[in-house]
Structures are given as C-alpha cells and as structure tokens.
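The values are calculated or read from the model by the stated rules, or taken from the named source; none is laboratory data. All values derive from a computational prediction rather than experimental measurement. Note that each Cβ is placed from the backbone with ideal geometry, even for glycine, and that neighbours are counted across all protein chains shown. The accessibility values were calculated without ligands, DNA or RNA, using every heavy atom of the protein model including side chains. Shrake-Rupley method; radii C 1.70, N 1.55, O 1.52, S 1.80 Å.
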Amino acid sequence: MECSEERVDELWLSAWRELEVISELDGSEFSMSDVVRLFHKGLSCADVTEDSQRDLIAAYLEAWTSSISPVAGLEACLREIGESHVLSVVSNTHDSDLVPSLIEKFKIEDYFESVTTSIDVGWRKPHPEIFRISLEAVNARAEETLFVGDAWIPDVVGPQSVGMGTIYIGSPPVNSRFVSLSVSEFAELPGLIHSISR
C-alpha cells in the first residue's frame, strides 16, 4: 500500500494523539514501540519486523534530538549546586535510552546520582509514583527535596503532591492555586538554592 507523505504524517500524528489521550487520562506512559505499532497498524502493515520498528524509532529519535543542546552555563550550574546537593533527573520520555544518552552526550552524567524516566517506571509526571520512585533511588525525603522544572503541572503540581518543594523556571501562571519559588533563567538557580539551604 502506497501512501502520500501527508498521509504518512497524518497517521504518525494520529498514533501519538491516540496514545496521549490515554496517558492524559490515567498518567501512564507509552513507549516509542507503542507509537510505531499503532502507526504501522494505520498503514495496514501486517509484516512489520522488530528490526524495522527499531530502525524507525532510531531514525525518529535521531531527527528529534538533532537540534537539542544544553542550556548555556548548564555544567557550571550543576557543578555549583552539586557541591552541596544530590542531583537527580526525573523526565517524561517514551524511550529508555533517550535521556541517559543526552546526558552522556552533554557530558554531565557525573553530576547525577540517578535518572528516573517515565517509560521505565510506567508513570509520567505529574503522577505521584514517578516522584516517589525518584526519591527512593537516592534515599531522599520529599520534605527535604527541591524539584526544578519548566513545565508547571508536571514540575510543580506533581512534585508538590508528594511533599517536595519546587522551583519553577519561567513566569508562574497567574491564578494557580499552587505556589512555587521561581527564577526567570537557569543561571539564577544556584543562588536561590544556596539561599534556601542556609
């Protein structure tokens, strides 16, 4: 069956949307393999090998990550905060290797004690379970933990639901019932974190 490029794009986006609806409802995470299976089903491809699925996933992730770069001053910021704090990553992702490989690519893996991803735990932020698992990974208590992020619901509402403090990067929404410390840019984090820790 031949499809136009527009039809292929439509089927790809449709697979993502269908899985996103489920995740939005129950907080579960889906994998790149789930997307590819649904995409191939839409194409009516009965004979899809695991190798072809892996190739499609690899090509997609390579294209998607090709323009991702670390924020300016990231390593210096991590170094400064890491001198007095344990650092971990908690990320929503559809592929187990994606976040660790980006951390390695940016040469910042030595700053993190653990990496917790939604695909590995089965729940995406803001589901409380991903935060509980990340706390267990570093033997930390929620009330002694600050979660830093730039997406309000996943990175503020979620961590606060398990008792973590939060720092939001950006302008907090007006009229939210949640309150968070905030910075306008990443470079301001070390100063704020050290002022809280004193």
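Per-residue answers, yes or no, for (1) under 20 Å from Glu24 (Cβ atoms); (2) modelled with pLDDT under 95:
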site: Val121; (1), (2): yes, no
site: Ala137; (1), (2): no, no
site: Gly149; (1), (2): yes, no
site: Trp152; (1), (2): yes, no
site: Val156; (1), (2): yes, no
site: Ser176; (1), (2): yes, yes
site: Pro190; (1), (2): no, no
Among the listed residues Ser23, Ser69, Ser44, identify the single one that is part of a helix (DSSP H, G or I) and of a type in the set (Ser, Thr, Tyr). Ser23
Identify, by number, the condition in (1) surrounded by 16 or more Cβ atoms within 10 Å (Cβ to Cβ); (2) over 19 Å from the mean Cα position of the chain (by Cα); (3) among the hydrophobic types (A, V, I, L, M, F, W, C) that Leu61 doesn't meet. (2)
Can you report the number of residues in segment 154-198 which are in contact with a Phe, Trp or Tyr (Cβ under 9 Å, 6 or more places away or on another chain) and part of a helix (DSSP H, G or I)? 7
Does Ile153 satisfy being open to solvent by 70 Å² or more (accessible area, probe 1.4 Å), farther than 24 Å from Gly191 by Cβ and aliphatic (A, V, I, L, M)? yes
Only one of these is assigned to a helix (DSSP H, G or I) and in contact with a helix residue (DSSP H, G or I) (Cβ under 9 Å, 6 or more places away or on another chain): Ser84, Ser14, Ser96. Name it. Ser14
Residue under evaluation Asp51, criteria (1) of a type outside the set (Val, Ile, Thr); (2) part of a loop (DSSP other than H, G, I, E, B); (3) at pLDDT below 90, criterion not met: (2)
Looking at (1) surrounded by 12 or more Cβ atoms within 10 Å (Cβ to Cβ); (2) more than 28 Å from Phe186 (Cβ to Cβ), which one does Asp51 not meet, given that it meets all the others? (1)
Pairing a residue in segment 108-133 that is on the phi > 0 side of the Ramachandran plot with any residue that is of a type in the set (S, T, N, Q), where Cβ atoms lie under 9 Å and the two sit 6 or more apart in sequence or on different chains, gives Gly122/Ser28
Show the residue pairs that are 6+ apart or on different chains and have beta-carbon atoms under 7 Å apart, the first residue being within segment 60-80 and farther than 13 Å from Ala187 by Cβ and among the β-branched types (Val, Ile, Thr), the second being assigned to a helix (DSSP H, G or I) and open to solvent by less than 70 Å² (accessible area, probe 1.4 Å). Thr65/Leu102; Ile68/Leu102
